[in-house]
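For reference, the structure discussed in these notes is given below.
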Amino acid sequence: MSAQPDLLYSEEEEALRAAVRDLLADHCDAAGVIARVESDAPHDRAAWKALAEGMGLAGLLVPEDRGGQGATHREAAVVLEELGRAVAPLPYLTSAVVATEALLACAADDLLAELASGRRIGALAVALNVPVGGAYKVVRFEDGALHGELTGVADAAVADVLLVPADDGGLYAVDASAAVVTPQPSLDLTRPLATIAFDGAPGRLLGDAEPAVRRALRAGAGLLASEQLGLAEWTLTETVRYLKERKQFNRPVGGFQALKHRLAQLWLEVVNLRAAARNAADALATGSDDIDVAVAVAQAFAAPVAVHAAEEALQLHGGIGMTWEHPVHLYLKRAKADAIAYGTAGAHREALAELVDLRAL
C-alpha cells in the first residue's frame, strides 16, 4: 500500500512561491500581459530569462548530475500555481515540464541540460489536446529527414528545439529553424498554438517516442492541475475583493446572501481542487504506484472548477468584467483552453473508471 501523501506545503515551497510571485509582479502585471497578447510576440522573453536562467527554475525536474536543480514535481507545481495566478505568457509547462519529461525518458543529456539552464526552449510536437495515452499524429521519416505537418502544438513559436514523433517509432530533436512554424488562431492568447511543417528537416534520434510521449503527457496533465488551481484561486480572491468594494443600495454587494452562497460554494470547489492538484504533484514526485489515478482524478476535477471560477468572476465583476482592459477575460480563456489540454475532464473520468474498474458516468 502506498504511503499517505503529504499535501501540505513545506517552508521551502512557500519560500519558492514568494520568490516566483515577486518576480511575476515585476514582469507579468495584468496590463503588461494584455498589451503583450495584443502584439505579435505574446511570449515574455524577459520574464522567461529571469525565471529560467536567473532563478534556475527551468531545471527543477532535472537531476543535478544531468544539469538541473534536482527538485521534484512538488516544487514545479508551486511554480505553475503562481504562473496560473498571473496567466503568465511563459512556456514553462511546455518546456520545463512536458519537453523536459520527454527528454528524461531518452538518452539526450546535452539537450536536457540546455533546457534545464533555460538557454533553450523545447516543445513536444504533439497537439495540446491529446490525452495521456491517446493517439497522436506523427510525421514521415524518410532518407534521414522528416516530412509532414503537425497542428495544435502549444508554444512552438517560441521553441528553439522541437521534439518530434515519427512513423518509425522514434522521437527526433529538430532545430526549430529547420521547420516552418505558422501561428494558429488560439482561444488562449497567452499560450498560442501553431502548425509545424517539415520538408526534409534533419532530425536527431533521441529514443522511442511512445514511452517518452506518454511520460511527458502524464506529467503535463498532472501539473496542469496546479496551474488551474492558481487560476481559480486568483479569480476567487479578486472576485471577493471586488464585491467587498462595490456598493449597491449603499451596501457592499458582497454582503448579499445569494452572492455569499455562490462564493462559499466556489471556495469549497477550490479547496478540493487544491487537494487533488497537490496529490497529483506528490504522486509524480514520489513515483507512487497510484500516479495514473492521481493524475486522472486531478484533471477530472480541475477543468470544471477553473472554468466555473473564471465564469463567476466574469459575471460578478459586472460591466467592468466584460471590458478588454480588465484581465478576467484572460483567465476565462486560459481556463477554457486548459479544459481540453492533455485530455478533457470526460476523457480523464473514463480513464479513471478503467483504472479503478468502475463504469464512467
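The values are calculated or read from the model by the stated rules, or taken from the named source; none is laboratory data. Small disclaimer: the values here were computed from a predicted structure and weren't measured. Backbone-built Cβ (ideal geometry, glycine too); neighbour counts: all protein chains shown. The area values use the complete protein model at the heavy-atom level, side chains included, leaving out ligands, DNA and RNA. Shrake-Rupley method; radii C 1.70, N 1.55, O 1.52, S 1.80 Å.
Annotations for the structure displayed:
- Among strands (runs of 3 or more DSSP E) entirely within the range 145-238, having at least 2 residues that are within 30 Å of ARG17 (Cβ to Cβ) and touching a strand residue (DSSP E or B) at 6+ places or on another chain (Cβ under 9 Å) singles out 145-154, 161-165.
- Only listed residue being open to solvent by 50 Å² or more (accessible area, probe 1.4 Å), under 16 Å from SER226 (Cβ atoms) and either within 18 Å of the chain's Cα centre (by Cα) or free of Cβ contacts under 8 Å to residues at least 12 places away in the same chain (or both), chosen from ARG17, ARG74, ARG21: ARG21
- Candidate set: the range 333-355, residues that are modelled with pLDDT under 95 and touching a helix residue (DSSP H, G or I) at 6+ places or on another chain (Cβ under 6 Å); chosen: the one most open to solvent (accessible area, probe 1.4 Å): ARG349
- Scanning the range 114-133 for residues that are within 17 Å of GLY170 (Cα to Cα) and either modelled with pLDDT under 95 or of a type in the set (Phe, Trp, Tyr) (or both) yields a single hit, GLY133.
- Those residues of the range 115-129 which are crowded, with 20+ Cβ neighbours inside 10 Å and either charged (D, E, K, R) or not in a strand (DSSP E or B) (or both), in sequence order: LEU115, ALA116, GLY118, ILE121, ALA125, VAL126, LEU128
- Scanning the range 265-281 for residues that are of a type outside the set (Val, Ile, Thr) and in contact with a helix residue (DSSP H, G or I) (Cβ under 6 Å, 6 or more places away or on another chain) yields LEU266, GLU269, LEU273, ARG274, ALA276, ALA277, ASN279, ALA280, ALA281.
- Only a single criterion out of (1) surrounded by fewer than 24 Cβ atoms within 10 Å (Cβ to Cβ); (2) in contact with a strand residue (DSSP E or B) (Cβ under 6 Å, 6 or more places away or on another chain) is not satisfied by VAL98, namely (1).
- Within the range 9-110, helices (runs of 4 or more DSSP H) holding 1 or more residues that are over 24 Å from ALA212 (Cα atoms) and among the aromatic types (Phe, Trp, Tyr): 45-48
- For beta carbons closer than 7 Å, sequence separation of 6+ or different chains, a first residue in the range 205-218 that is on the phi > 0 side of the Ramachandran plot and a second that is open to solvent by 80 Å² or more (accessible area, probe 1.4 Å), the qualifying pairs are GLY207/ALA107.
- Filtered residues of the range 205-238 (kept if polar (S, T, N, Q) and in contact with an Asp or Glu (Cβ under 9 Å, 6 or more places away or on another chain)): SER226, GLN228, THR235
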